[in-house]
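Heads up: the structure comes next, in structure tokens.
The values are calculated or read from the model by the stated rules, or taken from the named source; none is laboratory data. Since the structure is predicted, the reported quantities are computational estimates derived from the model, not experimental observations. Glycine gets a Cβ as well: all are built from the backbone with ideal geometry, and neighbour counts include every protein chain shown. The accessibility values were calculated without ligands, DNA or RNA, using every heavy atom of the protein model including side chains. Shrake-Rupley method; radii C 1.70, N 1.55, O 1.52, S 1.80 Å.
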Amino acid sequence: MVQPEPSRQVGERLYAAGKLTAAQIEMVRRRAHRLRIPQHRAVVDLGFVSEEEAWRELAAANGLEFIDLCDYEFPEGLPDEKRFPTRIIHHHRVLPVAMTDDTVRLAFVDPPRQSELSNLRLLLNRRIEPVLTTPSCYHNAIRRHFGLGADTLLRLDEDVIPEEGSSDVVFDVTQADDEEAVSAGIVRYVDQVLAEALRLGATDIHIEPYFSRVKLRYRIDGVLQTVRVPDGLRQVFGALVSRFKIMAGMNIAEKRLPQDGRISMRTAREEYDLRVNTVPTKHGEALCLRILGRQSLMLELQELGLEPHQERLLRDLTRLPQGLVLLTGPTGSGKTTTLYAALAQAYDEGRKIITIEDPVEYQIEGVVQIQTRDDIGLTFAEGLRAVLRHDPDVILIGEIRDSETAEIAVRAAQTGHLVFSTLHANDSIYAITRLLEMGIDPFLLGASLSASIAQRLAQRVCPHCGEPDPDLEPAVRREMAEALRIPEAEVRARRGPGCVECGHKGTRGRVAIYEFFVMDEEIADLLGASIRTSQLRGAARARGWKSLREHGWIKVQEGIVPASEILRITYRIEPTFDH
């Protein structure tokens, strides 16, 4: 084997090959130096090349063969505790590719040192032939064959504290004195579950006990994905729940009632808050953890995915001296992120901004934030009354849930305050009829509502494996052509067949799709208790309003979102009648 070169040369090699610009290689150098990580990891973190491209270059730099192990299966007869112990796979982070009586071909995630090769040669009593594969391939193979954290579960009986610096994640544990209530092995396993969720970009973690097993699922890009867990996890599930409760500051003795808590953690890149909820079930307490990335919540308007005219309109809305701006959409559609981006745009030293939220998901410097407490009477309505006495210019109400809050919000928007809030409604038009159903006076609503915005999050086509979609259905093609006002021959769409970068899903990441309704005098004159949604929709369409689905087709035409995703998030049932 060729003597390995320093891995920091990978970025330089990519630059020399013309795959990085001068500005990009400088960013790679700075990130690698600041975070003390090798360049091949920094270049992938920054998204300049795919993981496979970086690791291929790393292999070349170290004189190793690169192999793609996306669909890895163990060679026949392996793993075998006598010929190839499982602990070697976990400890050395290797996968056996082929094995004979005198040679074993091993896939490494990082170029091995000579000392490591010597140790493995002694352990296996065979000559080692090293090759390189990507971390994603290795993680996928381990999860598929052993389950997440299988190596940790094998050592749960070891009462050993993890080595300092062995975890990339740091936690602020509320009740540190209770740490002895769970074993060091469970502590390590919980750290692995959380670290893997961050690595995969999950927004939620669901851990559910059943009679003979435990189910672990991550919500990634809006869809729940099951993660295999070790077979023995059910036997230690009580200790697992206790660890999460300790970290979240909950009462570990109370198992009969639902509880809520919060965990703070940070990595080298970002700080996170985890909202933790437990509910009692027949077979134990089920856990749900919502992951809130503090930095990811604070986006600029141009990062939201708005169309250019939508971005200009939202920017104008944040400058209004008064009015009501509503965001609608289901849970997890990104409403909070959009609201925070709007608040950041609205903020300046000459305006006082107050929020009332449940819960406060991100602490914003320079903004007064209030957490509701229904148990002591601090509801949205009561908090809003108090807020109005504090001379605010801009108010954010986490959610309008009842007619009392709606009434106060509408009147506040009419009396010199710019009010942002969310409302559960199917689209931007139905938000108006929803407020009318709550008993809001049509005249007041027409005078105070500036705009309502509906939004959804759609999965992006994977940038690494995306390709033209040749199988676009004729009905979809016709609908797109009509919505975009272009000939059918000009309709374009992309899809991803799946690759290691996207976990073979064909999609990676999400983008928001928005639908704007802006109130004007003519539509305000139409409002009344008997106004029908179809009338409002017709009046809005006459003024250029487009539905979420129509805006979604723009993203499809641009190659950002697959057509199947727009059909999914705007799914509708066509009425049929039996005669």
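Tabulated values for the structure
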{"quantity": "Amide hydrogen neighbours beyond the local backbone of T507, cut-off 5 Å, H modeled", "calculated": "C462"}
{"quantity": "FRET efficiency, 1/(1 + (r/R0)^6) with R0 25 Å, evaluated for V360 and E521 via beta carbons", "calculated": "0.10"}
{"quantity": "Cα-based Lys proximity count in the chain, under 16 Å, for pairs eight or more positions apart or on separate chains", "calculated": "4"}
{"quantity": "Convex hull of region 428-469 built on C-alpha atoms - directionally averaged projected area, nm²", "calculated": "4.9 nm²"}
{"quantity": "Efficiency of FRET between T415 and E270 - r from beta-carbon atoms, R0 45 angstrom, step 0.05", "calculated": "0.70"}
{"quantity": "J(HN,Hα) series, region 321-330, from Karplus relation 6.51 cos²θ - 1.76 cosθ + 1.60, nearest Hz, glycine and proline x", "calculated": "x, 7, x, 10, 10, 10, 10, 10, x, x"}
{"quantity": "Label-to-label distance, nm, for residues given as Q535 and L224 (7 Å Cα→Cβ offset)", "calculated": "4.2 nm"}
{"quantity": "Cut-off under 5 Å, modelled amide H: who pairs with R456 long-range", "calculated": "I513"}
{"quantity": "Debye log10 I(q)/I(0) at q = 0.17 Å⁻¹ for region 443-579, Cα point scatterers", "calculated": "-0.96"}
{"quantity": "Theoretical gain in end-to-end length, L378 to E254 [0.36 nm per residue, Cα-Cα removed]", "calculated": "42.1 nm"}
{"quantity": "Shape call, region 364-405: gyration tensor on alpha carbons, a/c limit 1.5", "calculated": "prolate"}
{"quantity": "Orphan Cys of the chain, criterion: no other Cys C-beta under 4.7 Å", "calculated": "C70, C137, C288"}
{"quantity": "Efficiency of FRET between D231 and E311 - r from beta-carbon atoms, R0 51 angstrom, step 0.05", "calculated": "0.50"}
{"quantity": "Binned Cα-Cα distances of the chain, short to long, each 10 Å bin given as a whole percent", "calculated": "3, 14, 22, 24, 20, 11, 5, 1, 0"}
{"quantity": "P(r) histogram, all alpha-carbon pairs of region 37-156 included - 5 Å bins from 0, percent", "calculated": "2, 11, 21, 23, 20, 14, 7, 2, 0"}
{"quantity": "Accessible area per residue in Å² at 1.4 Å probe, computed on region 1-102", "calculated": "55 Å²"}
{"quantity": "Translational diffusion of region 207-361, µm² s⁻¹ [Kirkwood Rh, Cα pairs; Stokes-Einstein; 10 °C; 1.306 mPa s]", "calculated": "86 µm²/s"}
{"quantity": "Two-site label geometry, D45 and K82: point separation in nm, points 7 Å out along Cα→Cβ", "calculated": "4.6 nm"}
{"quantity": "Charge dipole (debye, nearest 20) of the chain; +1 at Cβ of Lys and Arg, -1 at Cβ of Asp and Glu", "calculated": "620 debye"}
{"quantity": "Kirkwood hydrodynamic radius of region 325-447, from inverse mean 1/r over distinct Cα pairs, in Å", "calculated": "14.7 Å"}
{"quantity": "Exposed-loop-free span, longest in the chain, where GluC sites (Glu not before Pro) count as exposed if DSSP calls them loop and at most 14 other C-beta atoms lie within 10 Å", "calculated": "366-557"}
{"quantity": "Cα-based Rg and Dmax for region 481-550, where Dmax is the largest Cα-Cα distance (Å)", "calculated": "18.8, 55"}
{"quantity": "Accessible-area composition of the chain, carbon plus sulfur, in percent [1.4 Å probe]", "calculated": "47 percent"}
{"quantity": "Integer Hz, Karplus 6.51/-1.76/1.60 couplings in order for region 95-102, x for Gly and Pro", "calculated": "10, x, 8, 7, 8, 10, 5, 10"}
{"quantity": "Under the Karplus curve 6.51 cos²θ - 1.76 cosθ + 1.60, θ = phi - 60°, whole-Hz ³J(HN,Hα) for region 125-135, x wherever Gly or Pro sits", "calculated": "6, 8, 6, 9, 10, x, 9, 10, 9, 7, x"}
{"quantity": "D_trans [Stokes-Einstein, Kirkwood Rh over alpha-carbon pairs] for region 379-477, 37 °C, 0.692 mPa s, µm² s⁻¹", "calculated": "205 µm²/s"}
{"quantity": "Separation between Cα centres of region 509-546 and region 422-440, rounded to whole Å", "calculated": "11 Å"}
